[in-house]
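Here's the structure, in structure tokens; my notes come after.
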Amino acid sequence: MIHDSLSVSYFSSPALPKADGQDLTRAVELLHHRAGILLGEHKKDMATRTLGLRAHHAGLGSVRDYLNYLEHNPQADEWDHFVNAFTINHTAFFREQHHFQILAEFIRKRRKPINVWCCASSSGEEPYTLAMTLHDACGQNDTGISVLATDIDTQILTQAKKGVYTLDRIKPVPPEFLRRYFLRGTGRQSGMAMIKPVIRNMVTFEELNLVSPSWPVSQKFDAIFCRNTMIYFDKATQARILERFARLVKPGGLMFAGHSENFTYLTDIWRLQGQTVYALA
Ligand SMILES: C[S@@+](CC[C@H](N)C(=O)[O-])C[C@H]1O[C@@H](n2cnc3c(N)ncnc32)[C@H](O)[C@@H]1O
């Protein structure tokens, strides 16, 4: 996500370092290697601007120096800024609504504890939708239900943890859920709504990179939601992640993919049940 304030400073500052074709190729490779994200051709202009800005903010005179710095300092905080600048965080409450109906029916037949993993949680709409769905499906009882929400983007995680949204963002939430699970802001908070603690407390947010060799996840899940994220990865990366998911589901567990993601020809570990919901084969 490009930050508006930074974009403005780019346009008003002609002295920013400029990325050339070689820098861009290298940046694309670094991003792919670090986060699995494949940057499309149409993102090249945005990438040029972003690299100039990041080099400037890091106090480096050229984009080449900036990329050298990243390459030689794999633990540097700047890596977060670099990756955060290229993630696409588009999401919504009750996005692909049919999945939540399927989850509610599925979960009613399962034993507690119920654990769900939302592995690319973006600004929080998806994990909070999961928590509301589970709370409702379990007779408005939150004991023994948890949602692990993870994402690579540290900035979006900070935003997600707040659980505060504009009234426009919460439009897809059914009225009954709005009444039960949201607090309306007043005074300086008017125009905003906040997720109630009963739902917030069910969700734990953590940083997790899906392409990193180890995941700090010790539990197993009844369901894994990995929606609208694999599309940014190549097939080999997708296959590796699907294999790792298989080891993290409880017997009979499900995996939910995004509407445009089809893993049928990629793996025989997962079997498509319909509506982009998969079960272990
Ligand atoms: C388009 S959003 C999808 C959000 C949500 N799952 C949905 O369907 O509405 C993609 C999310 O994937 C995250 N992401 C990208 N690469 C990732 C990686 N390697 N590991 C974990 N999350 C990643 C991004 O930061 C972004 O928040």
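The values are calculated or read from the model by the stated rules, or taken from the named source; none is laboratory data. This one's a predicted model, so the numbers in the text were calculated from it and none came from an experiment. Every residue, glycine as well, gets a Cβ built from its backbone with ideal geometry; the counts of neighbours run over all protein chains shown.
Would you tally the residues in segment 111-139 being without any contact (Cβ under 8 Å) to a residue 24 or more places away in the chain and on the phi > 0 side of the Ramachandran plot?
Residues meeting the conditions: 1.
Determine whether segment 83-103 contains at least one residue that is without any contact (Cβ under 8 Å) to a residue 60 or more places away in the chain, touching a Ser or Thr at 6+ places or on another chain (Cβ under 8 Å) and under 20 Å from Lys220 (Cβ atoms).
No: segment 83-103 contains no residue that is without any contact (Cβ under 8 Å) to a residue 60 or more places away in the chain, touching a Ser or Thr at 6+ places or on another chain (Cβ under 8 Å) and under 20 Å from Lys220 (Cβ atoms).
When you scan segment 137-197 for strands (runs of 3 or more DSSP E) that lie fully inside it, which ones turn up with 2 or more residues that are within 27 Å of Leu210 (Cβ to Cβ)?
So the answer is 145-151, 164-166.
Checking Thr276 against (1) over 17 Å from the mean Cα position of the chain (by Cα); (2) more than 15 Å from the ligand (Cβ to nearest atom): exactly one of these is not met. Which one?
(2)
Considering only residues of segment 85-143 that are acidic (Asp, Glu) and modelled with pLDDT of 95 or more, which is nearest to the ligand (Cβ to nearest atom)?
Residue satisfying both the conditions and the ranking: Glu126.
Looking at segment 57-70, which of its residues are touching a helix residue (DSSP H, G or I) at 6+ places or on another chain (Cβ under 8 Å) and part of a helix (DSSP H, G or I)?
Correct list: His57, Val63, Arg64, Asp65, Tyr66, Leu67, Tyr69, Leu70.
Please specify each residue of segment 215-243 satisfying the condition of being in a strand (DSSP E or B) and more than 17 Å from the chain's Cα centre (by Cα).
Residues satisfying the conditions are Phe221, Asp222.
Are any residues in segment 244-273 outside any strand (DSSP E or B), more than 12 Å from the ligand (Cβ to nearest atom) and not charged (D, E, K, R), and if so, which ones?
Phe245, Ala246, Leu248, Asn262, Phe263, Thr264, Tyr265, Leu266, Thr267, Ile269
Just to be sure, is Ser212 within 15 Å of the ligand (Cβ to nearest atom), part of a loop (DSSP other than H, G, I, E, B) and surrounded by fewer than 15 Cβ atoms within 10 Å (Cβ to Cβ)?
Considered against the rule, which asks whether it is within 15 Å of the ligand (Cβ to nearest atom), part of a loop (DSSP other than H, G, I, E, B) and surrounded by fewer than 15 Cβ atoms within 10 Å (Cβ to Cβ), Ser212 comes out as yes.
Among the residues of segment 111-148, what is the count of those that are closer than 26 Å to Ile231 by Cα, among the β-branched types (Val, Ile, Thr) and in contact with a Lys or Arg (Cβ under 9 Å, 6 or more places away or on another chain)?
1
Rundown of residues vs (1) within 16 Å of the ligand (Cβ to nearest atom); (2) outside the structural domain of Arg247 (by TED's automatic domain parsing); (3) surrounded by 15 or more Cβ atoms within 10 Å (Cβ to Cβ), yes/no style:
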position	(1), (2), (3)
Pro172	yes, no, no
Phe177	no, no, yes
Tyr181	no, no, yes
Gly191	no, no, no
